[in-house]
């Protein structure tokens with residue numbers, strides 16, 4: 001099927017909600033995904049002490065502010081980061097997921113991992129979304145997603161976090177990323193994976209200029225017919241433009257949130273929820289042109 005024909009088919013059959021465990025993800029309004037990094041070397045808050053208790057407290061704060069989804073990760077994917085052992089990642093994320101899904105059963109929890117074993121354990125513990133920065137590159141992850149029908153976030157990235165900065169080379173970044181996401185979605189659907197969410201991977205093998213181009217051309221990815229997730233919160237391209245350290249990038253993040261929603265993004269992944277909800281809602285109703 002040609003890309004043009006496939007786009008037409010996708011748009012005509014676009015789902016407005018996905019089943020997500022005992023809840024549903026409705027895309028009638030933009031959704032806010034709150035970030036809970038259970039790792040001491042995250043770029044946003046690197047070096048801080050983390051524990052299941054502190055991570056659960058953070059998640060509860062984000063939920064109280066209105067987060068629609070909580071994304072739990074136990075391995076940093078910042079540029080230059082190294083993988084952590086399977087046992088370590090499991091010990092970080094599973095207690096958090098078990099507690100959150102028990103305390104807040106109506107709030108979907110996403111597991112941010114590229115390891116099939118972690119994803120399986122997380123789903124067993126109550127998570128209901130798989131967020132894989134490698135685009136489900138591992139065959140066992142594809143099998144798991146197909147078998148469980150959990151919603152999956154497939155992200156574009158070249159290389160791995162440890163070497164991706166060296167691979168940020170494109171002729172036309174918007175065309176290349178859109179085409180890759182389209183091909184990957186078709187391939188995964190042919191292998192039984194449903195409920196796909198697309199993520200262009202801002203900051204993952206992308207320069208600041210690449211990130212800006214992707215945001216400016218985001219409609220092309222939205223036109224593929226799947227919900228689109230944007231994760232720009234506090235990233236280095238915001239710091240580069242505004243000359244701000246990571247802890248002072250929230251205003252820039254709000255601007256990106258508003259622009260992404262105006263361009264059609266369905267999910268915004270952020271560290272701070274309250275302000276981004278307001279920015280996303282304002283942008284949505286501006287795009288809609290009415291209440």
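The values are calculated or read from the model by the stated rules, or taken from the named source; none is laboratory data. Remember, it's a predicted structure, so these values are computed and weren't measured experimentally. In this analysis, Cβ positions are derived from the backbone assuming ideal geometry, glycine residues included, and neighbour counts consider all displayed protein chains.
Does residue 216 meet the test of being out of contact with any strand residue (DSSP E or B) (no Cβ under 9 Å at 6 or more places or on another chain), modelled with pLDDT of 95 or more and closer than 17 Å to residue 78 by Cα?
no
Which residues, counting only those in the stretch 96-111, are within 14 Å of residue 58 (Cβ to Cβ), outside any loop (DSSP other than H, G, I, E, B) and touching a residue at least 40 places away in the same chain (Cβ under 8 Å)?
96, 99, 100, 103, 109 - these are the residues of the stretch 96-111 that are within 14 Å of residue 58 (Cβ to Cβ), outside any loop (DSSP other than H, G, I, E, B) and touching a residue at least 40 places away in the same chain (Cβ under 8 Å).
Within 26 Å of residue 165 (Cβ to Cβ), surrounded by fewer than 19 Cβ atoms within 10 Å (Cβ to Cβ) and over 18 Å from the mean Cα position of the chain (by Cα): does that describe residue 103?
No: the conditions fail for residue 103.
Within the stretch 163-172, identify whether any single residue is surrounded by fewer than 21 Cβ atoms within 10 Å (Cβ to Cβ) and touching a strand residue (DSSP E or B) at 6+ places or on another chain (Cβ under 8 Å), and answer yes or no.
no
Would you check if residue 135 is in contact with a helix residue (DSSP H, G or I) (Cβ under 6 Å, 6 or more places away or on another chain) and under 28 Å from residue 58 (Cβ atoms)?
Spelling it out, residue 135 is indeed in contact with a helix residue (DSSP H, G or I) (Cβ under 6 Å, 6 or more places away or on another chain) and under 28 Å from residue 58 (Cβ atoms).
Mind listing whichever residues of the stretch 96-116 are touching a helix residue (DSSP H, G or I) at 6+ places or on another chain (Cβ under 8 Å) and within 18 Å of residue 193 (Cβ to Cβ)?
111, 113, 114, 115, 116 - these are the residues of the stretch 96-116 that are touching a helix residue (DSSP H, G or I) at 6+ places or on another chain (Cβ under 8 Å) and within 18 Å of residue 193 (Cβ to Cβ).
Can you tell me which of 277, 268 is farther than 25 Å from residue 139 by Cβ and in a helix (DSSP H, G or I)?
277 is the lone residue from the list that is farther than 25 Å from residue 139 by Cβ and in a helix (DSSP H, G or I).
What are the pairs, 6+ residues apart or on separate chains, where a residue within the stretch 188-204 that is on the phi > 0 side of the Ramachandran plot has its Cβ under 9 Å from a residue that is surrounded by fewer than 19 Cβ atoms within 10 Å (Cβ to Cβ) and not in a loop (DSSP other than H, G, I, E, B)?
Sorted first by the residue in the stretch 188-204, then by its partner, the pairs are 192/143; 192/146; 192/147; 195/19; 203/236.
Could you check the stretch 199-229 and list, in sequence order, the residues that are under 22 Å from residue 163 (Cα atoms) and crowded, with 20+ Cβ neighbours inside 10 Å?
Within the stretch 199-229, 199, 200, 201, 202, 203, 204, 205, 206, 210, 211, 214 meet the criteria.
Can you find a residue that is at negative phi, out of contact with any helix residue (DSSP H, G or I) (no Cβ under 9 Å at 6 or more places or on another chain) and not in a helix (DSSP H, G or I) anywhere in the stretch 232-249?
Looking for residues that are at negative phi, out of contact with any helix residue (DSSP H, G or I) (no Cβ under 9 Å at 6 or more places or on another chain) and not in a helix (DSSP H, G or I), one finds none in the stretch 232-249, hence no.
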